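Some notes on the structure that comes next.
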Amino acid sequence: MPAMRLGVISVLSLFLLILTATVPPVVPTGVYRTAAQYRRQQPAPACSDVRLSDKRGSLVVTQQRGPARLKTLVPLDSVWGYVNGNGRSYRLYRGEEFQIQQADTLSIYSFQHLSHGPYQPSTGSYFFSRGLNGMIFPLTQKNLRLAYEASNPAFVEAIKDLGFTQSLSDYDVAAGSFRVVKLYRSTLGK
């Protein structure tokens, strides 16, 4: 009987370990004034929802105050980015919102182009920046070469060696990283 109890406890412990390891951390909803706040995941103000206003000149920040919901407009020029109520993080850059896919020394973003016709599907594009405060460019070999040829020529060479079927925006689930970021990290210090 004690051996069986020990076995049940071991199985439950393993189950809890797996469950907690696979649940992503909860990112609080709110506005980031700087990239440093984003890194620390400390939005100010914290709120229940954030979205771009229809006029695109500000963010609409919704805060729950007891039974009432308080909506505040925050000017875009005072905001680095935000996390919406669905836990998606965005960086605001030149009046556009880019969803942060991977924050690193080479950061990856996506941008959703919405269709305006009945037969046009929405399409997504990938972008990158050097760090979280760098300018955002389309994720192409040419742009990566221009951005990194002086500081990391080994990375530029590694990009040239990508096969025809390999994309810069491929995501390696096992490594938890985009191919281009893995390539970049593998060439640091070479």
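The values are calculated or read from the model by the stated rules, or taken from the named source; none is laboratory data. Note that the coordinates shown come from a computational prediction; the quantities given were computed from them, not determined experimentally. Cβ sites come from the backbone with ideal geometry, for glycine too, and all protein chains shown count toward neighbours.
Considering segment 71-105, and only residues there that are in contact (Cβ under 8 Å) with a residue 40 or more places away in the chain and acidic (Asp, Glu), the residue that is surrounded by the most Cβ atoms within 10 Å (Cβ to Cβ) turns out to be 97. Being of a type in the set (Ser, Thr, Tyr), assigned to a loop (DSSP other than H, G, I, E, B) and in contact with a Ser or Thr (Cβ under 9 Å, 6 or more places away or on another chain) holds for only one residue in 151, 169, and it is 169. Within segment 1-44, the residues that satisfy the criterion of being at pLDDT 70 or above and not in a helix (DSSP H, G or I) are 27, 28, 29, 30, 31, 32, 33, 34, 41, 42, 43, 44. Taking first residues from segment 156-180 that are under 19 Å from residue 131 (Cα atoms) and partners that are of a type in the set (Asp, Glu) and at pLDDT 85 or above, the Cβ contacts under 6 Å between residues at least 6 apart in sequence or on separate chains come to 156/149; 179/170. Of everything in segment 46-67 that's in contact (Cβ under 8 Å) with a residue 24 or more places away in the chain and not aliphatic (A, V, I, L, M), which residue is surrounded by the fewest Cβ atoms within 10 Å (Cβ to Cβ)? Step by step, filter segment 46-67, then rank; the result is 56.
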